[in-house]
Amino acid sequence: MSPRRALVVVALVDSAGTGLYLAGSTVFLIRSAGLSAAAIGTGLAVSGAAGLLASVPLGTLTDRWGARRMLAGVQAWRALWFTALAFVDGPTTFVLVSLLLGLVERTASPATQAVVAAAVPGHERTRTLALMRSVRNAGFSLGALAAAPLLAAHSVAAYRTVILADAASFAAVVFLLARLRVDTAPSPVRRGPLTFLADFRDWRYLRLAGLNGLLYLHTTILTVALPMWTLLATPAPVAVVPLLVGLNTVLTVAFQVPFSSGVDSAAGTTRALRRAGLALALCCAAFAAAAQVGRTASVALLVLGTVLLTAGELWQSAAAWEASYRYAPEHRKAEYLAVFGLGPAAQEIVGPPLVTLLVMGLAGPGWVVLAGLLAAVVPVVPRAVGDLALQEG
């Protein structure tokens, strides 16, 4: 099996297990583990904080140990602690297991990107990542469908099987990674895991990571703002919410690869990021307008906004893959990729309260403010990418 095909299979297996977990975890934690909503929220918060704090140190270790070895270790760690999760029996054990799982949560993505860099020729890597992302979205859907009969069984054993199947998917990924052929990586600089705190001074790379993090607000808009806005502020029927999320998934599967073509240069990266900012700003305008019209027109505007949101997401993702790779030194690739991931990580912490405050607190004017934040990226991106291109040259 070619490296590219093997990586796509890895993405499918991984995401199918995750789809099972996302569809069934809440039911398991409430009905089997007996956890309250507050306990679940605490565990997730602890997990997120652990991932944010550990991401860059583990990225540094990835450069030292090798991306494939680190990624296999991360997936083995996940397999172990998701197995333990299936047997938690209270809030204390849940928070502890969540902490241990969270430690590696943000290492998987940069390690995966580094493995792609080592296994796939440079001109194919962004396209490979795009194909993997399309397959991952399909895998999420397949996993969610597979969870349905288990959840319908209404038994502790069935709920536990959902979690154990996710653990098994990570174990299968370890096996697949062991068979993956990768090129010999450049000799790493021997650096401690906390060295970046003292000597990471590439402010140009950090600036682009921050702009990417701002554009990454599309995830919070889709998962938080859009459902709340649709239900509480528009005349659209409740049933339209899952259809909008499904539309986003279908469009991502179908168009991530085409949207990733042409970004393999500084000009292409700039163009994609600017298009992302513009599309996301326009989607905010469409969502705001959906509250000012009748039922049919509101649904149409919500659909239009979702299409624009997805276009922005596709351009942002493709440009982020290319830029994070291109401007990271070879011997510190995973560390830089982990640093680049801090933008989305920060967005996941700040984004939900910010977007909720703007959209539900200020209504239409809040969408305008949000559109302005996203549109502000458009004139800044050429300088941000250009400075890194000059630095590379």
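The values are calculated or read from the model by the stated rules, or taken from the named source; none is laboratory data. All of these numbers come straight from a predicted model, not from anything done at the bench. Cβ placement follows ideal geometry from the backbone for every residue including glycine, while neighbour counts extend to all protein chains displayed. Quick note on the areas: whole protein, heavy atoms, side chains included, nothing else; ligands and nucleic acids left out. Shrake-Rupley method; radii C 1.70, N 1.55, O 1.52, S 1.80 Å.
How much length is gained if the chain between residue 265 and residue 376 is pulled fully straight, taking 0.36 nm per residue apart and subtracting their Cα-Cα distance, in nm to one decimal?
Roughly 37.7 nm would be gained on extension.
Compute the length gained on full extension between residue 30 and residue 300: take 0.36 nm times their separation in residues and subtract their Cα-Cα distance, giving the result in nm to one decimal.
93.5 nm
Net charge within 9 Å of residue 269 by Cβ-Cβ distance, Lys/Arg positive one each and Asp/Glu negative one each, not counting residue 269 itself?
Combined, the nearby Lys, Arg, Asp and Glu give 0.
Which of the listed residues, 359, 73, 18, is farthest toward the dipole's positive end in the chain, when Lys, Arg count +1 and Asp, Glu count -1 at the beta-carbon?
73
Let me know the Kirkwood hydrodynamic radius for the stretch 192-342, please, with Cα pairs as the basis and the value in Å to one decimal.
About 16.7 Å, per the Kirkwood formula over Cα pairs.
Using 0.36 nm per residue of separation minus the Cα-Cα distance, give me the extension gain between residue 239 and residue 350 in nm, one decimal.
Using 0.36 nm per residue and subtracting the Cα-Cα distance, I get 37.1 nm.
Around residue 98, with a cut-off of 15 angstrom between Cβ atoms, what is the net charge of the other residues, counting Lys and Arg +1 and Asp and Glu -1?
Charge balance near residue 98 sits at -1.
Excluding ligands and nucleic acids, what accessible area in Å² is computed for residue 322 using a 1.4 Å probe, to the nearest 10?
Estimated to the nearest 10 Å², residue 322 gives 10 Å².
Quick one: with all protein chains in place, what share of the accessible area of the chain is carbon or sulfur, to the nearest percent (1.4 Å probe)?
Looking at the chain in its full context, I get 68 percent from C and S.
How much net charge surrounds residue 342 when only the other residues with a Cβ under 11 Å from the Cβ of residue 342 are counted, with Lys and Arg +1 and Asp and Glu -1?
Once positives and negatives cancel, what remains is 0.
In nm, to one decimal, how far is the modelled label at residue 93 from the one at residue 250, with both set 7 Å along Cα→Cβ?
4.3 nm
As a test question: what accessible area, to the nearest 10 Å², does residue 14 have when a 1.4 Å probe is rolled over all protein chains in place?
Accessible area, nearest 10 Å²: 10 Å².
Put 78, 5, 204, 275 in order of accessible area, largest first, 1.4 Å probe: what do you get?
5, 275, 204, 78
With r as the distance between the Cβ atoms of residue 203 and residue 142 and R0 = 56 Å, compute the FRET efficiency 1/(1 + (r/R0)^6) and round to 0.05.
0.85
Taking the Cα centre of each part, how many Å lie between the stretch 28-48 and the stretch 283-361?
Cα centroid to Cα centroid, the span is 27 Å.
Over the stretch 22-177, what relative contact order in percent results from Cα pairs under 8 Å that are six or more residues apart?
Rounded, it is 40 percent for the stretch 22-177.
If I take R0 = 22 Å and measure r between the Cβ atoms of residue 293 and residue 228 in this structure, what FRET efficiency does the formula 1/(1 + (r/R0)^6) give, to the nearest 0.05?
Given R0 = 22 Å and the Cβ-Cβ separation, E is 0.75.
How large is the dipole of the chain about the Cα centre if only Lys and Arg carry +1 and Asp and Glu carry -1, each at its Cβ, rounded to the nearest 20 debye?
In total the dipole reaches around 500 debye.
Please compute the per residue accessible area over the chain with all protein chains in place, 1.4 Å probe, rounded to a whole number of Å².
Using a 1.4 Å probe on heavy atoms only, each residue of the chain averages 43 Å².
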